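What follows draws every value from the coordinates through simple rules; no lab data is involved. Fair warning: this is a prediction, and the values are worked out from it, not measured in the lab. Note that each Cβ is placed from the backbone with ideal geometry, even for glycine, and that neighbours are counted across all protein chains shown.
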Amino acid sequence: MSDYKIIAGIAQSLSPTLYESWWLRSDYQDSLVSALGPAALSVKRLIMDFEAGLADVVSRRAVEAEIDGVLERFVHADYEQQNPLFGQGRAGLARWFREVGAHLPGTPPAPVALIAEDGLVTVLLELRLGGAPALFLSTLFRVEGSKLRAHWGGGAPAPQS
C-alpha cells in the first residue's frame, strides 16, 4: 500500500512518515511531476529537483557547506526575489538559508502540487511542524532556460504552541 495518493493533481499523504523523507522518494516525485507535454514536464521537474535539493541539505544540516552549490545548480545568476524576507539574488537566498532556513524546526516542506504554464510554475508546499495542523505555502517561480529566474511567494506564520 502506498503512503500517498494523487487526487486531481494534489498529493495527499496517507502516512506522516512520507514527510520525513519525501526528497529521497523518486516514486513520489515522479507521480507529482507527471504532466501533459514535455515543456510542462521539464519545468515541473526543475522545481521538484530544486525543492528536493534544498530539503536534502537542510535535513542533513549541510546548509553552510552545500547551499551555494544547490543554488548555483538551479538559480539564475540574475535571480529576482520578489519576497523581501529572502533577500535579493542568489546571495540573498543563500544568506536566508544560512541564517533562518537551516534552523527551522521539523522536516522541510513537501511539494503537494505543481502547476506549470508558459515558463511559470506554482508549487504548493505542505509544512508540518510537530503536532500542529499542516500549513500550506504557495509560491511561484519564473523559469528562464533551465534556471529559476524569479520568485514570488508567501505564507502564514506557523501556529504558536
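For segment 79-122, enumerate the residues that are of a type in the set (Ser, Thr, Tyr) and either touching a His at 6+ places or on another chain (Cβ under 6 Å) or not in a strand (DSSP E or B) (or both).
Within segment 79-122, the subset of a type in the set (Ser, Thr, Tyr) is 79, 107, 122.
The answer is Thr107, and nothing else.
Could you grab me the full set of residues in segment 123-136 that are in a strand (DSSP E or B) and surrounded by fewer than 16 Cβ atoms within 10 Å (Cβ to Cβ)? Quick ask: steps written out before the conclusion?
Within segment 123-136, the subset in a strand (DSSP E or B) is 123-127, 135-136.
Within segment 123-136, just Phe136 meets the criteria.
Provide a single number: the residues in segment 78-96 that are in contact (Cβ under 8 Å) with a residue 24 or more places away in the chain and either more than 17 Å from the chain's Cα centre (by Cα) or farther than 14 Å from Ile67 by Cβ (or both).
Qualifying residue count for the region: 5.
Of the numbered conditions (1) closer than 23 Å to Ser21 by Cα; (2) touching a residue at least 24 places away in the same chain (Cβ under 8 Å); (3) not hydrophobic (A, V, I, L, M, F, W, C), Thr139 satisfies every one except a single condition; which is it?
(2)
Considering only residues that are of a type in the set (A, V, I, L, M), in contact (Cβ under 8 Å) with a residue 12 or more places away in the chain and more than 14 Å from Pro109 (Cα to Cα), which ones fall in segment 1-35?
Within segment 1-35, Met1, Ile6, Ile10, Leu14, Leu32, Val33, Ala35 qualify.
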